[in-house]
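K.L.:
A single structure is presented below for examination.
The values are calculated or read from the model by the stated rules, or taken from the named source; none is laboratory data. All values derive from a computational prediction rather than experimental measurement. Note: ideal-geometry Cβ built from the backbone for every residue, glycine included; neighbour counts use all protein chains shown.
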Amino acid sequence: MTTLTSADLLTLSPVIPVVVLDDADRAVPLAQALLAGGIPVIEITLRTPAALAAIAAVAERVPDMVVGAGTVTSPAHVDKAVAAGARFLVSPGTTDALLDAMAGSGVPYLPGIATVSEALRVLERGQQEMKLFPAEACGGRTFLQSLASPLPDARFCPTGGITPDTAPLYRALPNVGCVGGTWLTPAKLVAAADWAQITQLAVDARREA
C-alpha cells in the first residue's frame with residue numbers, strides 16, 4: 001500500500017466526500033459507488049456509533065479507496081480511528097494534545113483551523129496542509145484569499161457550507177488543493193441505497209472540477 005502524505009490528500013480528488021453513516025453496512029457499497037464515479041477518497045466522520053465499523057469495513061473490503069476519519073476531536077479518536085484502518089485523519093479544530101496525537105499517529109492528517117493564529121500554530125509544527133472549517137461561516141473564499149500572501153506555505157481543504165456551485169470557485173484559489181463536501185453522499189440517497197445516483201454525483205464532481 002502506497003504511503004500517503006498530507007500533501008497527497010489535497011490532490012487525490014477535487015472533492016473529499018464528507019460522510020455521516022448511521023449504518024456500517026452502507027459503507028462498502030457507498031465506497032464502491034464513489035470509486036465507480038472516479039472519487040478514490042472518503043472521509044467518514046466520527047459522529048455516529050457506526051463510524052469506526054464503517055471505516056474498518058471500507059479499509060478491509062475496498063482497498064482501492066483511501067478511507068479516513070473525520071470529526072477527530074481527541075487523542076482517543078486518533079487511536080481508535082487508526083486502529084480501525086483509517087489512512088488519514090481530519091479534525092474540525094486544533095489543540096496541542098490533538099496535534100501531538102495526530103502528528104504521532106503515523107498517518108497523514110488535516111488539522112482544522114478557523115483563524116490566522118490557528119494556522120500559524122499548525123505551520124509552527126511543520127504542517128503546511130490543513131482544513132478550513134467552517135469555511136463559509138468563517139470567511140470563505142475572501143478569508144483564504146487574504147491568507148495567501150502572509151502565509152504562502154499554507155495549503156487548505158476548506159469544508160463547511162460548500163456547494164457544487166461554489167466548489168470550483170474555491171479550488172481556483174492558489175492555496176486550495178481540494179474541498180470537502182457532503183453533497184456527493186446525501187443522507188436520503190444513502191438511506192435508499194441509490195448507489196447509481198451517488199456514482200453520478202461523483203462523476204459530476206470530477207467533471208466540474
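K.L.:
If you take just the helices (runs of 4 or more DSSP H) that sit entirely in region 167-209, which of them hold at least 1 residues that are among the basic types (Lys, Arg) and in contact (Cβ under 8 Å) with a residue 12 or more places away in the chain? Break it down stepwise before answering.
P.N.:
Numbers: elements: 167-171, 187-191, 195-208.
Helices (runs of 4 or more DSSP H) meeting the threshold: 167-171, 195-208.
K.L.:
Which one of these is out of contact with any His (no Cβ under 6 Å at 6 or more places or on another chain), over 16 Å from PHE133 (Cβ atoms) and surrounded by fewer than 22 Cβ atoms within 10 Å (Cβ to Cβ): ALA81, ALA57, ALA101?
P.N.:
Working: ALA81 fails: surrounded by fewer than 22 Cβ atoms within 10 Å (Cβ to Cβ); ALA57 fails: surrounded by fewer than 22 Cβ atoms within 10 Å (Cβ to Cβ).
Only one candidate qualifies: ALA101.
K.L.:
Mind counting the residues in region 151-162 that are buried (at least 22 other Cβ atoms within 10 Å of the Cβ) and assigned to a loop (DSSP other than H, G, I, E, B)?
P.N.:
Here is the first cut: in region 151-162, the ones buried (at least 22 other Cβ atoms within 10 Å of the Cβ) are 156-159, 162.
Next, only the ones that are assigned to a loop (DSSP other than H, G, I, E, B) stay: 162.
Residues that pass the stated criteria total 1.
K.L.:
Does THR166 meet the test of being over 21 Å from MET65 (Cβ atoms) and modelled with pLDDT of 95 or more? Spell out the reasoning first.
P.N.:
On the way: over 21 Å from MET65 (Cβ atoms): yes; modelled with pLDDT of 95 or more: yes.
Yes, satisfied.
K.L.:
Checking the structure you have, find out if any residue of region 180-187 is more than 22 Å from THR45 (Cα to Cα), surrounded by 21 or more Cβ atoms within 10 Å (Cβ to Cβ) and among the hydrophobic types (A, V, I, L, M, F, W, C).
P.N.:
Residues of region 180-187 that are more than 22 Å from THR45 (Cα to Cα), as a first pass: none.
Within region 180-187, none of the residues are more than 22 Å from THR45 (Cα to Cα), surrounded by 21 or more Cβ atoms within 10 Å (Cβ to Cβ) and among the hydrophobic types (A, V, I, L, M, F, W, C).
K.L.:
Out of the residues in region 1-23 that are among the β-branched types (Val, Ile, Thr) and assigned to a loop (DSSP other than H, G, I, E, B), which is surrounded by the most Cβ atoms within 10 Å (Cβ to Cβ)? First the steps, then the outcome.
P.N.:
Step one: of region 1-23, the residues among the β-branched types (Val, Ile, Thr) are 2-3, 5, 11, 15-16, 18-20.
Add one more test, that the residue is assigned to a loop (DSSP other than H, G, I, E, B), and what stays is 2-3, 5, 11, 20.
Working: THR2: 6, THR3: 9, THR5: 11, THR11: 11, VAL20: 18.
That would be VAL20.
So that you can scan it fast, the table gives a plain yes or no per residue for (1) in contact with a strand residue (DSSP E or B) (Cβ under 9 Å, 6 or more places away or on another chain); (2) closer than 18 Å to VAL20 by Cβ; (3) at pLDDT below 95:
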site: PRO49; (1), (2), (3): no, yes, no
site: LEU52; (1), (2), (3): yes, yes, no
site: GLU60; (1), (2), (3): no, no, no
site: ALA69; (1), (2), (3): yes, yes, no
site: HIS77; (1), (2), (3): yes, yes, no
site: LYS80; (1), (2), (3): yes, yes, no
site: ALA83; (1), (2), (3): no, no, no
site: SER91; (1), (2), (3): yes, yes, no
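K.L.:
Still on this structure, please answer the following. Residues to consider are ALA187, ALA148, ALA137, ALA193; find the one that is in contact with a Lys or Arg (Cβ under 9 Å, 6 or more places away or on another chain) and among the small types (Gly, Ala, Ser). I'd like the intermediate steps shown before the answer.
P.N.:
Numbers: ALA187 fails: in contact with a Lys or Arg (Cβ under 9 Å, 6 or more places away or on another chain); ALA148 fails: in contact with a Lys or Arg (Cβ under 9 Å, 6 or more places away or on another chain); ALA137 fails: in contact with a Lys or Arg (Cβ under 9 Å, 6 or more places away or on another chain).
Selected residue: ALA193, the only one of ALA187, ALA148, ALA137, ALA193 that is in contact with a Lys or Arg (Cβ under 9 Å, 6 or more places away or on another chain) and among the small types (Gly, Ala, Ser).
K.L.:
From ALA202, ALA114, ALA196, ALA148, which residue is of a type outside the set (D, E, K, R), within 29 Å of VAL28 (Cα to Cα), surrounded by 14 or more Cβ atoms within 10 Å (Cβ to Cβ) and at pLDDT 95 or above? Walk me through how you get there before you give the answer.
P.N.:
Details: ALA114 fails: within 29 Å of VAL28 (Cα to Cα); ALA196 fails: surrounded by 14 or more Cβ atoms within 10 Å (Cβ to Cβ); ALA148 fails: within 29 Å of VAL28 (Cα to Cα).
Testing whether each residue is of a type outside the set (D, E, K, R), within 29 Å of VAL28 (Cα to Cα), surrounded by 14 or more Cβ atoms within 10 Å (Cβ to Cβ) and at pLDDT 95 or above leaves just ALA202.
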